[in-house]
Amino acid sequence: MENPATHPYAALTPDAVLDALESVGLPADGRLLALNSYENRVYQAWLDDAEPVVAKFYRPGRWSDAAILEEHAFTLELAEREIPVVPPLLPEGRSLHEHAGFRFAVYPRRGGRTPELSDPDTLEWLGRFLGRIHAVGALSAYRARPTLDIASFGEEPRDWLLAHDWIPVELRAVWQGVADQALDGVRHAFDRAGDVARLRLHGDCHMGNVLWTEYGDAPGPHFVDFDDSRMGPAVQDLWMLLSGDRGEMTRQFSDVLTGYEDFMDFDRRELHLIEALRTLRLIHYSAWIARRWDDPAFPAAFPWFDSPRYWEERILELREQIALMQEPPLGPL
């Protein structure tokens with residue numbers, strides 16, 4: 001692991017954050033609160049004469065300027081249609097800024113709680129807004145942002161982990177064999193689904209990125225953090241709302257789809273992709289942590305990651321996914 005002082009974020013001191021905000025005409029009163037984010041650095045800042053804002057400092061080297069601006073344009077496009085997302089503010093008429101070597105964007109502060117996914121009405125409400133997001137996402141394609149596919153989310157992360165010796169020696173052959181078998185299952189699932197449409201997605205629509213408010217001008221859900229937005233099948237933004245056993249997920253999916261199809265048709269062939277996409281996410285997630293291990297925030301947040309037990313659990317997890325991908329696809333009631 002690199003010396004923490006040499007990591008790029010070591011230079012992002014509180015003074016650097018405050019200076020960056022002042023450079024775009026948003027002088028802060030000195031109060032900062034670091035928010036929960038590993039990929040980027042995100043701070044809530046209290047301003048002198050305005051409501052607090054949230055400043056996101058992008059991880060150096062991850063996205064090109066063009067890719068970041070595509071994401072910003074998508075969220076601004078959604079907001080113009082009164083879809084509840086949180087787009088960047090435009091201080092000085094721009095959404096992307098640079099200060100002291102860091103690119104950053106500024107957002108309005110939006111609070112909320114985790115939605116109650118046991119409530120059918122909540123799921124239907126979420127489905128309606130996801131349908132609206134996807135209806136806009138289908139209008140044009142990203143050019144600078146990638147597509148969620150087997151190569152980038154499964155094969156490349158598997159190869160990277162093996163090439164960089166992250167798998168304990170005693171588990172390497174077993175993990176590789178199970179990962180290869182799981183990726184074979186993913187390919188078969190994609191083959192069964194056929195040539196489904198790809199559109200602009202949220203990309204990481206887990207419950208940490210959906211906030212629910214009870215009061216104000218727009219009660220209900222709003223979607224935050226489009227940082228992982230990319231091209232992909234629509235079901236990628238739907239399956240992360242599901243949890244529990246097969247019966248529970250079937251009921252949940254039915255409720256989501258009831259709202260979703262008010263605004264966007266859903267291709268039932270994509271049901272073949274739910275467990276395949278979950279499998280890709282599991283492999284990609286392990287590689288994501290490994291690639292960020294030189295960032296001091298990651299060993300602190302994931303202290304168990306480089307232990308044999310972690311990889312033993314991943315082997316069991318992938319074996320479960322292999323079995324699930326061989327079952328009939330989940331479907332709505």
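Find the relative contact order for the chain and round it to a whole percent, using C-alpha pairs within less than 8 Å whose residues are 6+ positions apart. Mind showing how you got there, number by number?
Numbers: 503 pairs, mean separation 67.6, N = 333.
It rounds to 20 percent for the chain.
Order of Arg172, Arg198 from fewest to most other C-beta atoms within 10 Å?
Arg172, Arg198
Within 10 Å of each residue's Cβ, count the other Cβ atoms and sort His99, His72 from fewest upward. Show your work: numbers first, answer last.
Numbers: His99 16, His72 19.
Lowest to highest Cβ neighbour count: His99, His72.
Can you compute 3J(HN,Hα) from phi for each residue in region 287-296, using the Karplus curve 6.51 cos²θ - 1.76 cosθ + 1.60 with θ = phi - 60°, rounded to whole Hz and x for Gly and Pro?
The phi angles translate into 5, 4, 4, 4, 5, 9, 5, 6, 7, x Hz.
Longest segment of the chain with no chymotrypsin sites (Phe, Trp or Tyr not before Pro) in a DSSP loop having at most 12 other Cβ atoms within 10 Å?
Numbers: sites that count: Tyr215, Trp304.
Looking at the chain, 1-214 is the longest stretch - no exposed chymotrypsin sites (Phe, Trp or Tyr not before Pro) with at most 12 other Cβ atoms within 10 Å.
Where Rh is the Kirkwood radius over the Cα pairs of region 127-268, the temperature 25 °C and the viscosity 0.890 mPa s, what D in µm²/s does Stokes-Einstein return?
Values: Rh = 17.3 Å.
Answer, rounded: 142 µm²/s.
For Ile322, Ile68, what ranking results if the residue with the fewest other Cβ atoms within 10 Å of its Cβ goes first? Present the calculation step by step, with values, prior to reporting the outcome.
Details: Ile322 18, Ile68 21.
Fewest-to-most ranking of Ile322, Ile68: Ile322, Ile68.
So what's Rg/Rh here for region 133-195, counting alpha carbon atoms and using the Kirkwood radius for Rh? Walk me through the intermediate numbers first.
Numbers: Rg = 15.9 Å, Rh = 14.1 Å.
Radius of gyration over Kirkwood radius for region 133-195 works out to 1.13.
Hey, got a sec? Which trypsin sites (Lys or Arg not before Pro) in region 132-171 land in a DSSP loop and have at most 15 other Cβ atoms within 10 Å? List each step's numbers first, then the result.
Values: sites: Arg132, Arg143, Arg158; in loops: Arg143.
Passing sites in region 132-171 are Arg143.
Rank by packing, highest mean first: peptides 28-35, 269-276, with packing defined as the count of other Cβ atoms within 10 Å averaged across residues.
Working: 28-35: 14.0, 269-276: 22.6.
Highest-to-lowest ranking by the protection proxy: 269-276, 28-35.
Which GluC sites (Glu not before Pro) in region 44-88 sit in a loop by DSSP (not H, G, I, E or B) and have at most 13 other Cβ atoms within 10 Å of their own Cβ? List each step's numbers first, then the result.
Values: sites: Glu70, Glu71, Glu77, Glu80, Glu82; in loops: Glu82.
Counting only loop positions with at most 13 other Cβ atoms within 10 Å, the GluC sites (Glu not before Pro) in region 44-88 are Glu82.
Can you tally the net charge around Arg246? Count Lys and Arg as +1, Asp and Glu as -1, for every other residue whose Cβ sits under 14 Å from the Cβ of Arg246.
On the way: positive: Arg251, Arg278; negative: Asp245, Glu248, Glu275, Glu320, Glu327.
Taking every Cβ under 14 Å from that of Arg246, the sum is -3.
For region 4-108, just the Cα atoms, rotate onto the principal axes and tell me the three extents in Å, largest first.
Over region 4-108, Cα extents along the principal axes are 43, 34, 25 Å.
At q = 0.14 Å⁻¹, what is the log10 ratio I(q)/I(0) for the chain, with the Debye formula run over Cα points and no solvent?
Here log10 of I(q) over I(0) equals -1.25.
No lab work stands behind these numbers, since they all come straight from the coordinates. Given the structure is predicted, the values throughout are model-derived calculations rather than measurements. Here Cβ is always computed from backbone atoms with ideal geometry, including for glycine, and neighbour counts include all displayed protein chains.
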